[in-house]
Each structure stands twice: as structure tokens, then as C-alpha cells.
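Enquirer: The structure follows.
The values are calculated or read from the model by the stated rules, or taken from the named source; none is laboratory data. All values reported here derive from a predicted model rather than from experimental measurement. For neighbour counting, all protein chains shown are included, and Cβ atoms are generated from backbone atoms with ideal geometry for every residue, glycine included. Ligands, DNA and RNA are excluded from the accessible area calculation, which covers all protein heavy atoms including side chains. Shrake-Rupley method; radii C 1.70, N 1.55, O 1.52, S 1.80 Å.
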Amino acid sequence: MPLDRTSAFYEENAETYAKRVRSLPKQLDAFLAGLAPGAAILELGCGGGQDSAYMLAHGFDVTPTDGSTELARQAEALIGRPVRVMLFQELDADSAFDGVWAHASLLHVPRSELPDVFARIRRALRTGGIFHASFKAGEAEGHDGFGRYYNYPSADGLLALLTKGGWRDITIEENDGGGYDGEPTRWITVMAHR
């Protein structure tokens, strides 16, 4: 999370954010169904660790990461294993994972840096690997009521970026939902293969 107000929010509110009541993303089972048992998964922006805990409980080899030191501590307490503190722009793995799960996390990447981050994720995946990400839909980047930065992309914009980046079998869905701020939110979910 490169923007100070966004980073500050997660550092200062880590415990409350991590321990909030939250349903698992409905796309998680579909993502896991596309992977072999025990597959290696990189979670980018694991937050409180709930998704990593679910994947670990189902026998997957999960590498959880988060950009917030305090959120990483919260996740470690939940899942009982280390969480790497890392910004998306620091990802430097090469063909190391079968899947990358980035649910409601890449939405904090500045728009100008998304192509590079997508390229880093693609490089981190093995051939045929699956990538999942979700974003709050919009037309212009901005901040929410908590001061957190969002890139607010459109579905067409994401499709163009991923296509240009060499991704294949790209699926994009839009759904209405909510978020931590309690505001109605239009969500864009992306699934693609290396």
C-alpha cells in the first residue's frame, strides 16, 4: 500500500479490521476447485488471514502476505504461521505458484502501477496458473471516507490491461455488495490464467 493514508488506516485499525465479522468470498471455492490438491497459493493482501486459514484447512500450500505489519501480526495469530510483510510492487517470484489470490487488495494499487503489478503476478505464476482479484468499480481513482486510496477501475479497463499483459481465459464479473465502510459497492471480480 504505497499511499500513506491507506497504510496508516490499516496500521492503526488492524485489530478491529482483522476481527470484523466477514463472510468468506463466494469466489474462493471456485478458485480452489481450479487447482490441484496441495497446490501452492500466494495470497496478496491477506488482511486478518481468514482466506488463508480456509485455504490451509483445505490442504493448500499457502504463502500469505500483507503490506501492513500490524495486519500481518493479526493474520499470524489466526493462522499460526508467518505472514510476509510485502508491498505488491516488491513481488519478485518466478514460476513459484499455482494460484494467486488477491481479494480486495489490488484495489489500493495506483492505476499507473497496475500493469507492472499484474506483470509481477503473472511472472510469479507457473504456466496455466490461476489469478483472482477483486476491485471496487468506478471511473476515477480516489479515496473513501476513511482516507484509503482506491484505483476504482472499470471492467473494460481491467480487461484491456490484462489482455495487453498476456493473460488468457479472462473472466470478469460485476456484483453489488458492500465493504468495511458500510457503503453500497459495485465489485468487479477478475479470474485469469497465465
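Enquirer: List, in order, the whole-Hz ³J(HN,Hα) value for each residue of the stretch 58-67 obtained from phi through the Karplus relation with A = 6.51, B = -1.76, C = 1.60 and θ = phi - 60°; use x for Gly and Pro.
Expert: Values per residue, Gly and Pro as x: 9, x, 8, 8, 9, 10, x, 9, 7, x Hz.
Enquirer: For residue 129, list long-range residues whose amide hydrogen, built 1.01 Å from N in the peptide plane, is under 5 Å from its own amide hydrogen.
Expert: 194
Enquirer: Go ahead and estimate [θ] at 222 nm for the chain from helices alone: -39,500 (n - 2.57) per DSSP H run with n ≥ 4, summed, over the residue count, rounded to 500.
Expert: Details: 7 runs with 60 residues, N = 194.
Value at 222 nm, helices only, nearest 500: -8500 deg cm²/dmol.
Enquirer: Suppose a student asked you for the relative contact order of the chain, using Cα pairs under 8 Å spaced at least 6 residues apart; what percent would you report? Kindly include the intermediate steps, with their values, before the conclusion.
Expert: On the way: 396 pairs, mean separation 36.9, N = 194.
Result for the chain is 19 percent.
Enquirer: Which whole-number value in Å² is the accessible area per residue of the chain, probe 1.4 Å?
Expert: Per residue, the chain has 45 Å² of solvent-accessible surface.
Enquirer: If you don't mind, another one. Find how many whole Å separate the alpha carbon centroid of the stretch 28-71 from the alpha carbon centroid of the stretch 80-141.
Expert: Here the two parts' Cα centres lie 13 Å apart.
Enquirer: For the stretch 119-132, just list the computed ³J(HN,Hα) in residue order, Karplus coefficients 6.51, -1.76 and 1.60, θ = phi - 60°, integers in Hz, with x standing in for Gly and Pro.
Expert: Karplus values, whole Hz, x for Gly and Pro: 5, 5, 5, 4, 5, 6, 7, 6, 4, x, x, 9, 10, 10.
Enquirer: Amide H neighbours of residue 185 under 5 Å, at least 5 residues apart or on other chains, H built in the peptide plane: list them.
Expert: Long-range HN contacts for residue 185: 177, 178.
Enquirer: Okay, next question. Compute the distance in nm between two label points, each set 7 Å from the Cα along the Cα-to-Cβ direction, one at residue 160 and one at residue 89.
Expert: 2.3 nm
Enquirer: Taking Rh as the Kirkwood radius computed over C-alpha pairs, what is the Stokes-Einstein D of the stretch 93-150 at 20 °C in a medium of viscosity 1.002 mPa s, expressed in µm² per second?
Expert: On the way: Rh = 12.4 Å.
Using the Kirkwood radius from Cα pairs, D works out to 172 µm²/s.
Enquirer: On to the next question. Based on the alpha-carbon set only, what is the convex hull volume of the stretch 5-193 divided per residue, in Å³? Each step should come with its number before you reach the end.
Expert: Details: hull volume 20.2 nm³, N = 189.
About 107 Å³ per residue, rounded to a whole number.
Enquirer: For residue 58, which sequence-distant residues (separation of 5 or more, or a different chain) have an amide H within less than 5 Å of its own amide H, given hydrogens modelled in the peptide plane?
Expert: Hits under the 5 Å cutoff: none.
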